[in-house]
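These notes are about the structure you will find just below.
Every number in this text was worked out from the coordinates using simple rules, so none of it is lab data. None of the values given here were measured: they were computed from a predicted structure. Here Cβ is always computed from backbone atoms with ideal geometry, including for glycine, and neighbour counts include all displayed protein chains.
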Amino acid sequence: MTEDAVSFEKVIKKFGAVQALEEQNFTIAKGELVSMLGPSGCGKTTTLRLIAGLEMPTAGRIVIGGRDVSNVPTNLRSIGMVFQSYALFPHLNILENVAYGLIAKQTPKKQALVRAMAQLEQLGLAEKTYKLPAELSGGQQQRAALARALVLEPDVLLFDEPLSNLDAKLRRQVRDEIRDLQQALGLSVVYVTHDQTEALAISDRIFLMRNGRIEQSGSPRELYDAPRSEFVADFMGDANVLKVKAGADGHVRFGSIPVPGSLAPGAEAILVARPELLAIAREGQEGLPGRVARASYLGGVMEYRVETELGTLLIADRNVREPVRGGSDVHVLAAPEDLRLIPQTTLSI
């Protein structure tokens, strides 16, 4: 049986009296890209630092590549790290930057430079070999930092908010490059970000963290389409999160539309409806009655805010050719399978 890239076994981290991480138990498979996602202070960076050896666990066991590294320092762990600030040495050219780690590990300089050059060629930076970091664009600096980490052939590659210094267009390009390279080389990657769009775009799995614990883990589609708590539903993209109550038959209705799932009669729950999966009814169709409080043209969609008996709904309707005016009485449509019911017993506290 092939060992996992990373394994946390009953890992706890405290800073004095403050518990930064509750007990964590998870594995990351070889060749898998897992994103640690969540708001500031949720524990994602602490988890990354524990993997890197920049922090030691208060309790529990950390295994990397089948080896217990719970109390092993960073320089003796088989990890590579790409920092938010790139951390390139400004006085060294790009080739020297990439070769630095190899030379520090006692690799003969000539061999280190050959391996560094090969890594730069693989990442499309061969022409920038003798440039200083300041002479490269943000995206090129990011790739140089990645080359420096990859040349060490680590068991696990760690990314700490790697795209936060790039503009939106370049962020999209570099994140695609990272994902393509990860898949092509079969890299095991732990990727920390607060950006849910970024996590959705590149991950095999997402660990969504809150208050020092993993609130939910799964594929991007699982977290987006099947959130198990109000927090997950609200954090993963735009969502209408509505408090509802089951009728005498134990069912919840979205106007005339039945919501899948049953509850105890009168039980309270959360109903999750994604804006892009809702639409304004046309030609006498019936759904959830409401009145348009605001209508905004956003190019590809009409964005509506509709007041209903369940609360105010945000709707991203693709029908831009027949916009509905503010103040109009309307019905809101949804496919039953696109409405997600979260029972009271699973709500976040």
*By how many degrees, 0 to 90 and rounded to 10, does the Cα axis of helix 168-185 deviate from the longest principal axis of the chain?*
60
*asked:* Suppose each label sits 7 Å from its Cα in the direction of the beta carbon; what would the T312-S219 distance come out to in nanometres?
replied: 3.6
*Put +1 on the Cβ of each Lys and Arg and -1 on the Cβ of each Asp and Glu in the range 148-266; which of L185, A246, I206 then has its Cα farthest toward the positive end of the dipole?*
A246
*Contour minus end-to-end for A87 and E127, with contour as 0.36 nm per residue of separation and end-to-end as the Cα-Cα distance?*
12.3 nm
*Would you mind computing, in nm to one decimal, how far apart the modelled labels at E303 and A59 are, each placed 7 Å from Cα along Cα→Cβ?*
4.6
_Cut-off under 30 Å on the C-alpha distance; same-chain residues fewer than 8 positions from K243 excluded. Which lysines are left, in chain and number order?_
K44
*Helix axis angle, 94-104 relative to the chain longest principal axis, alpha carbon, degrees*: 70
*Candidate aspartates and glutamates - alpha carbon under 14 Å from K128, same-chain residues fewer than 8 apart omitted*: E96
*Compute the separation of the alpha-carbon centres of the range 216-237 and the range 243-259 and state it in Å as a whole number.*
22
*Provide the FRET efficiency to the nearest 0.05 for the K30-R291 pair, computing r from the beta carbons and using R0 = 51 Å.*
0.40
*What size of dipole, in debye to the nearest 20, comes out for the chain about its Cα centre when the only charges are +1 on Lys and Arg C-beta atoms and -1 on Asp and Glu C-beta atoms?*
900
*Nearest 0.05, what FRET efficiency do V72 and Q344 give at R0 = 51 Å with Cβ-Cβ as r?*
0.70
*asked:* Suppose only helical runs count, i.e. DSSP H with n ≥ 4. What mean residue ellipticity at 222 nm does that imply for the chain under -39500 (n - 2.57) per run, divided by all residues and rounded to the nearest 500 deg cm²/dmol?
replied: -7000 deg cm²/dmol
_Net charge around A264, counting only other residues with Cβ within less than 12 Å of its Cβ (Lys, Arg = +1; Asp, Glu = -1)?_
-1
_Students often get this wrong: which residues of the range 27-54 have the backbone nitrogen under 14 Å from the point 7 angstrom along Cα-to-C-beta of E3?_
28-30
